[in-house]
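Presented below is the structure to which this report refers.
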Amino acid sequence: MTALVQRLGALGGVKVDRVWLAVAVVFAVLAVLDKTQFLPSLTFTGNALLSTAPYILFAVLSIGYLKASGAETIIARAFEGRETRMIVLAALFGGLAPFCSCEVIPFIAGMLALGTPVSAVMAFWLASPLIDPPSLLITAGALGWPFAVAKALAAVGIGLMGGFAIKMAMTRGWFANPLRARAAGSGCGCGPSPFDGKPVWLFWREAPRRDVFRRESLANTAFLLKWLALAYLLESLMIAYVPAEAIAGVVGGSGIGPIILSALVGVPAYLNGYAAPPLVAGLIEQGMSVGAGMAFIVAGAVSSIPAMMAVFALVNRRVFAAYVVLGFSGAILAGSAYGLIMGS
């Protein structure tokens, strides 16, 4: 289907959004091959989007405010002072950063080029793809606030674990030269924040900042709607066509086995930080344990293509391997801890 979507997206030289096109293709296939499932999937997707609408609205307004006020500049302050302080603040700010996956690349590249310790950078890098204000709200809407808060805590915990693990390794001379000889920048077209210096919290007093707020809010609304529409559509198909006993037999039950397996599956199964929560909700409804669900969603976020490309493009293989190992082990620990707390 991926090849079909790519070909249709370029049909006639007209640029068509591939996510919306994928949604259309799925519905077209249902209309032809299984008409009885077309309406249930359409209804399921529409109702799910309506129920998530308040979270989407709050999310887009929040990130629009962060962008328009220039709050991104505060993130840089996490990389000042003593190394231990840097690690802690970097892990905390990693979960609050309004960066998209590509915007974080030049930010991290700049920090490494200025000599910021790899330990602090790793703490930020591990925490950042796991959670941010919009995805926190989307996760809460799909999986509930306990799961969303646990994921946020896992992001900070994994960031701290990675940062201090790298700090310990650095005392033995590892990671002395983390950057590649020629570190590549972002090629996706995203740029840094247009505002530098002190944030302006009352942004609406300045026309350029109002323009940024409007542009970012509209862009993120379109972004969230298309990915959530695809996610809910896939969830409806999974519920309709994948037997619950099959899910439960593979990643259900208690113990460390389902959690490790879910983390392994989560690495290649990554969709998007906003699309993953509805899919995990469907898997849990089908029999996946909540601990396995947490491991799946954490492993998938750390192994996202933009995040992995950013790491691989900027740092040497040793740092890249450390990132992968820390992210995967962090997913298993997060899943185990959450499963233990929730008794599943």
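Can you work out which of the residues in segment 235-277 that are within 22 Å of Lys35 (Cα to Cα) and of a type in the set (Val, Ile, Thr) is modelled with the highest pLDDT? The residue in question is Ile239. As a summary of the residue check, Leu224 satisfies the conditions (1) outside any loop (DSSP other than H, G, I, E, B); (2) under 22 Å from Ser62 (Cβ atoms); (3) at pLDDT 85 or above; (4) not small (Gly, Ala, Ser) except for the one numbered (3).
Considering segment 285-310, and only residues there that are surrounded by fewer than 23 Cβ atoms within 10 Å (Cβ to Cβ) and of a type in the set (A, V, I, L, M), the residue that is modelled with the highest pLDDT turns out to be Val290. Residues that are farther than 23 Å from Tyr274 by Cβ and outside any helix (DSSP H, G or I) were ranked within segment 7-49; the one that is modelled with the highest pLDDT is Asp34. Taking residues in segment 127-138 that are over 19 Å from Tyr323 (Cα atoms), and partners anywhere that are among the hydroxyl-bearing types (Ser, Thr, Tyr) and part of a loop (DSSP other than H, G, I, E, B), the pairs with Cβ atoms closer than 8 Å and at least 6 places apart or on different chains are Pro134/Tyr274; Ser135/Tyr274; Ile138/Tyr274. Of the residues screened, Pro199 is one that is in a loop (DSSP other than H, G, I, E, B) and either within 21 Å of Gly300 (Cα to Cα) or at pLDDT 80 or above (or both). With respect to (1) aromatic (Phe, Trp, Tyr); (2) modelled with pLDDT under 70; (3) closer than 18 Å to Val26 by Cα, the lone exception for Tyr232 is condition (2).
The values are calculated or read from the model by the stated rules, or taken from the named source; none is laboratory data. Because the structure is predicted, anything quoted here is derived from the model rather than measured. All Cβ positions, even for glycine, are placed from backbone atoms using ideal geometry, and neighbour counts span all protein chains on display.
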